[in-house]
Amino acid sequence: AVVPGRQSNCALSVFRPLVQRFCPDKAATRIMMDFSIDGLIAAPFTPMKENGEVNLPMIDPYVDCLVSQGVLNTFVCGSTGEGASLSMAERKMVAERWVSAGKGKLDNVIVHVGGVSITDSQELARHAESIGASAIATLPTCVFRPTNGMQVAEQLQIIGAAAPNLPLFYYHLPDMTKVNIMVEDLLDALNTVKVPTFRGCKYTDYNMMDFGRCLIHSDGKYSMFYGRDEQNLCALAMGAKGFVGSTYNYAGKIYNRMRAAFDKGDLETARKEQHMSQHFLWILIQHGMDIGLNKYVMTMTSGLEMGPPRPPMQRRSDEELAKIKAKLQACGFFDSVK
């Protein structure tokens, strides 16, 4: 199937080892700067068993579910994937399974390596490189937090050095990390703090001025992935090409139809699809949307059992879930994701 806006990095993945073997320094730089994604990037849930253990075999059909929606890229072990609630060993196993299950099916598997300890992030970065991930991304440390763009750049330099052959992305999520920097300041700082593998940012915030200025920073050399699903169309209008989100797991067809309409100049249809996204998201938000509720919607729409979230997130009662399902049915959600 033709995916709207799709730009594949499959060739980069195939030829990366050969190019690096014969001209490693120049090859690494070129591969970092060539890496880009034009299209949707799902932030997958981590399937769990009822006893709370990670359900690795569920990842194989999960890949097929994404591909059937035209979603060919993933961002694993991030906030949606409950990375912060997984042990180091679990994060490695989940990353390994996504890379192996996605081989020949997905274009890119980006592994999130951020955490409380920067040394843990280095270890996860080295592991991601060793298993053949397409790229890595990292939140800032969020207990002892950086307070400005220069400090974030210094953290990126340390983490990036642990995986010198993988593109590195900063994960901007100030609502959760409380690291409220302007990402433009980070990009400015990278003129001084050299991070040769840095490629761009997963930008999950509402500051469209900062986002827009990042898109054109350094003549647009950075890949800026937008992370607010409910404002996807706004970011498209600003010039965004790549999008990371949790609802692309089960509503990828809505956003791909939106992108196709936008690319054709059919704004009326593009707005209609964005309004559907906002409609079902508002229903979930009214019920305290979190990973547990989002997993439930994924299970309902895909038939794949995502299992419970890990504490402190809570299961919903059967009564509340029935009300949510009825509201989603009434707004046309289930028909729109077919």
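The values are calculated or read from the model by the stated rules, or taken from the named source; none is laboratory data. This structure is a prediction, so every number in the text was calculated from the model and none was measured. Neighbour counts are summed over all protein chains in view; Cβ atoms, including those assigned to glycine, are modelled from backbone coordinates with ideal geometry. Side chains included, ligands, DNA and RNA excluded: accessible areas come from the protein's heavy atoms. Shrake-Rupley method; radii C 1.70, N 1.55, O 1.52, S 1.80 Å.
Just to be sure, is Met209 open to solvent by 20 Å² or more (accessible area, probe 1.4 Å), touching a residue at least 60 places away in the same chain (Cβ under 8 Å) and farther than 21 Å from Asn108 by Cα? Considered against the rule, which asks whether it is open to solvent by 20 Å² or more (accessible area, probe 1.4 Å), touching a residue at least 60 places away in the same chain (Cβ under 8 Å) and farther than 21 Å from Asn108 by Cα, Met209 comes out as no.
Pairs meeting the criteria (first residue in the stretch 89-117 and of a type in the set (Phe, Trp, Tyr), second residue open to solvent by less than 50 Å² (accessible area, probe 1.4 Å) and part of a helix (DSSP H, G or I), beta carbons under 9 Å, at least 6 apart or on different chains) are Trp98/Ile59; Trp98/Tyr62; Trp98/Val63.
Among the residues here, Thr269 qualifies as under 24 Å from Gly39 (Cα atoms) and without any contact (Cβ under 8 Å) to a residue 40 or more places away in the chain. In the stretch 176-206, the residue that is farthest from Gly83 (Cα to Cα) out of those that are among the hydroxyl-bearing types (Ser, Thr, Tyr) and in contact (Cβ under 8 Å) with a residue 40 or more places away in the chain is Thr192. Does any residue of the stretch 279-296 turn out to be in contact with a Pro (Cβ under 8 Å, 6 or more places away or on another chain), assigned to a loop (DSSP other than H, G, I, E, B) and either open to solvent by less than 50 Å² (accessible area, probe 1.4 Å) or of a type outside the set (A, V, I, L, M) (or both)? Yes, the conditions are met somewhere in the stretch 279-296. Among what's in the stretch 245-278 and is over 19 Å from the mean Cα position of the chain (by Cα) and of a type in the set (Gly, Ala, Ser), pick the residue that is surrounded by the fewest Cβ atoms within 10 Å (Cβ to Cβ). Among them, the one singled out is Gly265. When the stretch 13-58 is examined, which residues are found to be within 20 Å of Lys105 (Cα to Cα), modelled with pLDDT under 95 and open to solvent by 30 Å² or more (accessible area, probe 1.4 Å)? Correct list: Ser13, Val14, Phe15, Pro17.
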